[in-house]
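Structure first, then comments.
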Amino acid sequence: MLTLHEFSLSGNCHKVRLLLSLLSLDYQSRLLNSAEREHKSESFLQLNPFGQTPVLTDGDTVVRDSQAILVYLARTYGADEWFPQDPAKMAEVVSWLAVAANEIARGPNALRLHYKFGRAINIDEATKITTQVLSVLNLHLQTRHWLANNTLTIADIAIYPYIALVNEGKFDLEPYLYVQNWMGRIEHLTGYVTMPGIQRFSD
Ligand SMILES: N[C@@H](CCC(=O)N[C@@H](CS)C(=O)NCC(=O)O)C(=O)O
């Protein structure tokens with residue numbers, strides 16, 4: 001049985017929920033109590049010594065980190081396209097997973113952590129990174145439907161949640177038309193699931 005150890009308001013957890021749903025996989029949710037700092041408890045640190053969600057368990061297999069979980073689910077349960085074995089195609093997907101772990105985390109995610117949850121951050125720096133990553137995404141998506149390999153992959157799933165939640169970070173997506181169109185395409189996928197705070201661009 002798949003178990004997702006998660007926070008309900010986490011975009012990193014949401015990307016896993018989204019892929020689980022798109023792949024029609026049954027799983028149980030194990031919601032952690034952040035107020036009681038359950039993610040820093042002895043038992044949870046056994047699963048992830050960094051004390052962070054999401055963690056996925058699949059029988060005896062334990063996978064921490066949202067990007068790693070997407071890779072695991074795609075290769076174990078999905079069609080090859082989700083995370084292709086062809087080296088060049090795989091590298092293209094990984095290049096976007098790296099953006100999710102770096103620029104998205106330091107930009108859109110940081111702004112939301114500040115404005116929604118009160119985290120102290122460098123607002124100018126996070127705004128600059130967010131503006132840059134959205135400009136790159138918008139240009140990239142001007143001539144493409146999906147981020148990598150001209151098909152839906154875990155790159156799209158890894159990048160989507162914190163872009164769709166960036167309005168909670170007081171950042172306006174209005175100038176980024178091609179990003180909006182891409183978000184609309186994701187919202188139309190069979191099995192798409194949303195979460196509180198997500199801004200939708202489909203009708
Ligand atoms: N690189 C990790 C980041 C995970 C992360 O920052 N998780 C947050 C929730 S979105 C968390 O558990 N924060 C609690 C903490 O760091 O103490 C991933 O992508 O899974």
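The values are calculated or read from the model by the stated rules, or taken from the named source; none is laboratory data. Everything numeric here is computed off the predicted structure, so don't read it as measured data. Note that we place each Cβ from the backbone using ideal geometry, even for glycine, and neighbour counts take in every protein chain shown. SASA here: full protein model, heavy atoms, side chains in, ligands and nucleic acids out. Shrake-Rupley method; radii C 1.70, N 1.55, O 1.52, S 1.80 Å.
Please compute the contact order of segment 90-162 in relative form: average sequence separation of alpha-carbon pairs under 8 Å and at least six residues apart, divided by the residue count, as a percent. If you can, show how the numbers build up before the last one.
Working: 63 pairs, mean separation 31.5, N = 73.
Dividing the mean separation by the residue count of segment 90-162 yields 43 percent.
Tell me, what is the per residue accessible area of segment 80-187 in Å², probe radius 1.4 Å?
46
Just to confirm my numbers, what's the Cα centroid distance between segment 28-69 and segment 109-141 in Å?
Using only Cα atoms, the two centres lie 26 Å from each other.
Which is farthest toward the positive dipole end of segment 2-77 among Ser66, Phe44, Leu25, measuring Cα position about the Cα centre, with Cβ charges +1 (Lys, Arg) and -1 (Asp, Glu)?
Positive-end residue among those listed: Ser66.
Please sort by residue number the chymotrypsin sites (Phe, Trp or Tyr not before Pro) in segment 8-66 whose DSSP state is loop and whose Cβ has at most 14 other Cβ atoms within 10 Å.
Phe50
Mind listing which trypsin sites (Lys or Arg not before Pro) in segment 1-50 are in a DSSP loop and have 15 or fewer other Cβ atoms within 10 Å?
Arg37
Asp26 to Ala88: FRET efficiency via 1/(1 + (r/R0)^6), r the Cβ-Cβ distance, R0 35 Å, to the nearest 0.05? Walk me through the numbers on the way to the answer.
Numbers: r = 34 Å, r/R0 = 0.96.
Here the calculated transfer efficiency is 0.55.
Once a ≥ b ≥ c are taken as the square roots of the eigenvalues of the Cα gyration tensor of segment 1-115, is the result rounded (a/c under 1.5), prolate (a/b larger than b/c) or oblate (a/b not larger than b/c)? Write down the numbers at each step before the final one.
Details: a/c = 1.92, a/b = 1.25, b/c = 1.53.
Oblate.
Can you find, among Tyr178, Ile157, Gly118, the residue sitting farthest towards the positive end of the charge dipole of the chain, where Lys and Arg contribute +1 and Asp and Glu -1 at Cβ?
Positive-end residue among those listed: Gly118.
Cα gyration tensor of segment 93-203, axes a ≥ b ≥ c as square roots of the eigenvalues: rounded (a/c below 1.5), prolate (a/b > b/c) or oblate? Numbers along the way, then the final one.
Numbers: a/c = 1.69, a/b = 1.40, b/c = 1.21.
The shape class here is prolate.
Amide H to amide H, which residues 5 or more places from Arg30 or on other chains are under 5 Å from it, using H placed in the peptide plane?
Amide H neighbours of Arg30, under 5 Å, 5+ apart: Leu4, His5, Glu6.
Magnitude of the Cβ-charge dipole of the chain, K/R +1 and D/E -1, about the Cα centre, nearest 20 debye?
Roughly 340 debye, rounded to the nearest 20.
Which GluC sites (Glu not before Pro) in segment 106-203 pass both tests, a DSSP loop state and at most 11 other beta-carbon atoms within 10 Å?
none
What does the convex hull of the Cα atoms of the chain come to per residue, in Å³, rounded to a whole number? Show your work: numbers first, answer last.
Details: hull volume 24.4 nm³, N = 203.
Looking at the chain, the number lands at 120 Å³ per residue.
What does the charge dipole of segment 80-187 about its Cα centre add up to, to the nearest 20 debye, if the Cβ of each Lys and Arg holds +1 and the Cβ of each Asp and Glu holds -1?
300
Using R₀ = 30 Å, calculate the FRET efficiency as 1/(1 + (r/R₀)^6) where r is the Cβ-Cβ separation of Asn33 and Trp146; round to 0.05.
Computed FRET efficiency for Asn33 and Trp146: 0.25.
Determine the calculated [θ] at 222 nm for the chain from helices alone, applying -39500 (n - 2.57) to every DSSP H run no shorter than 4 residues and normalising by the residue count; nearest 500 deg cm²/dmol.
Only helices count here, giving -15000 deg cm²/dmol.
Under the definition of Cα pairs under 8 Å and six or more residues apart, what whole-number percent is the relative contact order of the chain?
23
Per the 1.4 Å probe, what fraction of the accessible area of segment 112-203, in percent, lies on carbon and sulfur atoms?
Answer for segment 112-203 is 49 percent, counting heavy atoms of protein chains only.
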